[in-house]
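Read-outs: derived from the displayed coordinates by stated rules, not from any lab. Small disclaimer: the values here were computed from a predicted structure and weren't measured. FYI the Cβ positions are ideal-geometry reconstructions off the backbone, even for glycines, and counts take in every protein chain you see.
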Amino acid sequence: MDYQKIITIDPRVRNGQPCVRGMPITVSDVLGDLASGMTAEQVLAELRKISAWADMQRKITKWPLIIFAVLVPGMIIFGVVMENRLKTSMQDIRSPEKAEKPTWSDVDWNIRRADLGEAIRIGEELIQRTPQYPEGHHRLASAYLAAGKIEKARAHYAEAFRLFPSEENEKLLIAIDKRSKAKNPQPRDGAADGSQPTNRKSSAVGSHR
């Protein structure tokens, strides 16, 4: 019989004392039980109970370690994936103008971020492709209006109204006309042709004389 499989020595168990099959039962404990009057069958029965208890404790300890070993790498991988997705989403939000084919939504987006030059550039490029699109003229006119280019804005509002004579487009055209007139008021009397206004009373007096 190979006693090395029955009697084991492990520094982590009972301070390295010789034990029975790695259990926390030393050889001296077994000998003490026999010396106290216990029979060999009774000692073996106790050893079986302790062995079953030790096996159960090992299983209880093993499963949490397995779960921990599986979950921790999984959580790390999940965190890395979510971080990469978040970075990609933030780049898409910050740089929509990097799309290969700009759309009218890019015009609106650039107007909102006050990049009016870019909004007008994209709008002019798109309107060349779809000159019969009234909503495109409307959006491009909004970009010109935000940039303070009234005449350009009016031209596109007028084209939008011509292509789609809706009440909304008519109101926008009337509003831009009023704004244009307010910005460039018409001269009174003879100021339009450069002549000086005449004093009718003085003329009448002169002719009477």
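Note the full-extension length gain between PHE68 and ALA114 as 0.36 nm times their separation in residues minus their Cα-Cα distance, in nm to one decimal.
Extra length available between PHE68 and ALA114 comes to 11.4 nm.
If the chain between VAL81 and ILE9 were fully stretched, how many nm would it gain, using 0.36 nm times the residue separation less the Cα-Cα distance?
Length gained between VAL81 and ILE9: 21.2 nm.
Sort 164-173, 132-141 for me by packing, meaning the mean count of neighbouring Cβ atoms within 10 Å per residue, highest on top.
The packing order, highest mean first, is 132-141, 164-173.
Projecting each Cα onto the charge dipole of the range 104-185 (Lys/Arg +1, Asp/Glu -1 at the beta carbon, about the Cα centre), which of LEU163, PRO134, ILE174 comes out farthest on the positive side?
ILE174
With the alpha-carbon atoms as the only input, what is the per residue convex hull volume for the range 3-86 in Å³?
Normalising the Cα hull of the range 3-86 by residue number yields 109 Å³.
Which length gain, in nm to one decimal place, applies between GLN17 and LYS171 when the Cα-Cα distance is subtracted from 0.36 nm times their residue separation?
Stretched out fully, the GLN17 to LYS171 stretch lengthens by 45.5 nm.
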